[in-house]
Amino acid sequence: MKDWKLNLLSEAREDLRSITEDGSPYAVRVRRKILHEISLLFTMPFMGSPLRARHPVETDLRFLVVEKYLIFYRVTGETVEVTRIINGRTDYLSTLVL
């Protein structure tokens with residue numbers, strides 16, 4: 001299996017930091033799950049669903065669901081670029097730059 005390069009953009013890092021800033025057991029557990037899902041992208045970059053399959057938008061973004069959070073990423077060349085980690089119960093489409 002091929003290992004892909006992974007790039008966690010600064011916005012995604014900040015999203016992850018804000019999720020875990022209260023240090024609650026829930027936040028720690030969700031952070032661990034999010035990081036696990038992101039680590040799977042090293043070998044299975046196309047495992048997430050295309051955003052355009054759920055919404056009528058023209059984008060190359062894909063997403064993974066971890067509890068109430070959506071991990072948005074794109075695959076370009078041999079790199080997986082994690083762009084944002086957003087609460088799926090919000091208007092995440094307006095947060096994303098499409």
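No value in this document is a laboratory result; all are computed from the given coordinates. Quick caveat, the model's predicted, so the values are computed rather than measured. Ideal geometry is used to build each Cβ from the backbone, glycine not excepted, and the neighbour counts take in all protein chains shown.
Exactly one residue among S49, S10, S39 is over 12 Å from the mean Cα position of the chain (by Cα) and of a type in the set (G, A, S), and that residue is S10.
Just one of (1) aliphatic (A, V, I, L, M); (2) free of Cβ contacts under 8 Å to residues at least 24 places away in the same chain; (3) not in a strand (DSSP E or B) fails for A12. It is (2).
Scanning the stretch 50-98 for residues that are in contact with a Gly (Cβ under 8 Å, 6 or more places away or on another chain) and of a type in the set (A, V, I, L, M) returns L64, V65, L70, I71.
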